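Here is the structure we will look at, set down as structure tokens.
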Amino acid sequence: MRVRQDGLVTDELRGSGDAGQALAEELVRALYREHAGPLFGFVLHLVGGDRQRAEDVVQETLVRAWRHADRLEVTAGSVRPWLVTVARRIVIDDHRRSAARPPETDASPLELLPAEDELDRALRMMAITDALGALSQAHREVIVASYLKGRSIAQVAADLGVPEGTVKSRIFYALRSLRIALEERGVT
């Protein structure tokens, strides 16, 4: 590995050939041997003692050193401040990223909640539709208008052109007929 007078690594590291790659890898190995221990201790303090997270930050720092090997100054004592700064910024970025999104929760309590069974609902709707088909036209009209469309007795009476008392009577007998039709189909 060649170092210029100003302490920068030569352009050989920028090369796309195997020689440039090998020099960059050797630089990272040397950085790891010399700086990984102290850097790990520094990062461990920043992440509150989380060893796994500290290891991840050190690894990411060295990956960034490898990516920017052509710009690193390798003169004695000048690389560690760069590594410490990069590691500190990674920790800060991770903290900001986690603060920007809602906290993750455990999904296990959701498994205890009963889920609505769509099959049962579909079968109930099929039975109700079939039972409605068994009603007379007059009874079906008042059930659909009052229960399914949510209209009042007065509105249904006005729509059908019959007195309100007739609508009430038809609803009573329609519900009784519907209950019997549903019981015949096994719906309770």
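Quick look at the numbers
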quantity	calculated
Percentage relative contact order, the chain, counting C-alpha pairs under 8 Å, at least six apart	16
Given 11 as the ceiling on other Cβ atoms within 10 Å, longest exposed-site-free region of the chain for GluC sites (Glu not before Pro) in DSSP loops	1-103
The stretch 83-155: trypsin sites (Lys or Arg not before Pro) in DSSP loop, at most 15 other beta carbons within 10 Å	Lys149
Accessible carbon and sulfur surface of the stretch 108-183 relative to its total accessible area, %, 1.4 Å	58
Over the chain: helical MRE at 222 nm, DSSP H runs n ≥ 4 each giving -39500 (n - 2.57), nearest 500	-22000 deg cm²/dmol
Å² per residue, accessible surface of the chain at 1.4 Å	69
Inter-centroid distance (Cα atoms) of the stretch 28-42 relative to the stretch 134-164, Å	82
Potential extension, Glu164-Asp117 segment - 0.36 nm per residue separation minus Cα distance	13.1 nm
Protein accessible area in the stretch 21-67, 1.4 Å probe - carbon and sulfur %	50
FRET efficiency for Met126 and Glu104, using Cβ-Cβ distance with R0 set to 45 Å, rounded to 0.05	0.65
Chain lengthening between Tyr173 and Ser78 when straightened (0.36 nm per residue, less Cα-Cα)	24.9 nm
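The values are calculated or read from the model by the stated rules, or taken from the named source; none is laboratory data. Keep in mind it's a predicted model, so treat the numbers as computed, not measured. Virtual Cβ from ideal backbone geometry, glycine too; neighbours counted across all protein chains shown. These accessible areas exclude ligands, DNA and RNA; they are computed on the full protein's heavy atoms, side chains included. Shrake-Rupley method; radii C 1.70, N 1.55, O 1.52, S 1.80 Å.
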